[in-house]
Amino acid sequence: MIQEGINVAHKLVRMQARPRILLSSDFEDAASLVQEYRNYLFGLVSDVEFPWEGKLSPEAGFELAHMVKSLVPDAPVVLQTSRTEFRPRAHAEGYSFLRKRSPTLLKDLREILTEQFGFGDFVFRLPDSSEVGRAKDMNELEEQLQTVPAESIVFHSQSNHFSHWLMARTEFALAAKLRREKSPILPAPNIFAVI
């Protein structure tokens with residue numbers, strides 16, 4: 001998904017700074033990784049049910065999602081399971097939901113990564129979700145900032161959408177400056193965890 005770049009060397013530098021995926025197989029390991037990388041956490045994709053204290057727990061995914069949201073409130077969270085009875089709770093708590101074994105699983109995951117994790121176009125919206133502009137790259141973002149309504153810019157700024165989109169493009173310093181809650185960005189890759 002890394003398309004921007006001045007030249008081949010610039011693209012290679014960006015590719016090396018791309019998000020890393022950390023895998024865990026139980027709650028304790030996942031919680032440890034979330035704590036260790038909380039300053040770089042980009043988002044979470046987790047099963048709903050996985051081992052916690054040695055037993056399969058239907059609460060493990062929700063508890064991990066709560067932990068991530070308490071540390072990084074604007075990080076997107078996706079919960080996945082083959083059991084659709086968890087969908088209403090996931091949506092009620094503000095998480096995306098994927099059904100395993102769905103014939104559209106990969107398409108649905110790509111859509112979430114593109115829209116919520118910031119790997120797609122930056123879509124300028126008003127608070128009512130109506131689209132007022134779109135930017136494919138940094139140049140278009142700069143152009144759109146001159147023309148979209150101020151209300152849209154305020155909406156995205158308050159939700160840290162700009163910083164999230166910039167982090168997906170490895171613009172860490174600029175993303176840190178734009179974040180509402182200033183937190184130090186240390187020289188390490190952004191991370192999204194998968195359980």
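The values are calculated or read from the model by the stated rules, or taken from the named source; none is laboratory data. As the structure is a computational prediction, the values presented were derived from the model and not from experiment. So basically every Cβ, Gly included, is an ideal-geometry build from the backbone, and we count neighbours across all protein chains shown. Heads up: the accessible areas ignore ligands, DNA and RNA and are worked out on the full protein's heavy atoms, side chains in. Shrake-Rupley method; radii C 1.70, N 1.55, O 1.52, S 1.80 Å.
Worth pointing out:
- F155, F162, ranked by accessible area, largest first (probe 1.4 Å): F155, F162
- Taking the average, over residues, of other Cβ atoms within 10 Å as the packing measure, peptides 33-40, 97-104 rank 33-40, 97-104 from highest down.
- Computed accessible area, R83, all protein chains, 1.4 angstrom probe, square angstrom: 90 Å²
- Checked against a 24 Å cut-off, the cross-linked pairs K107/K177; K100/K136; K55/K100; K69/K177 give Cα-Cα distances beyond that limit for K107/K177; K100/K136.
- Projected label points at S25 and L145, each 7 Å from Cα along the beta carbon direction, are separated by 4.6 nanometres.
- Residue list for the range 29-57, given a label point 7 angstrom along the Cα-to-Cβ vector of E85 and an amide N cut-off under 14 Å: 49
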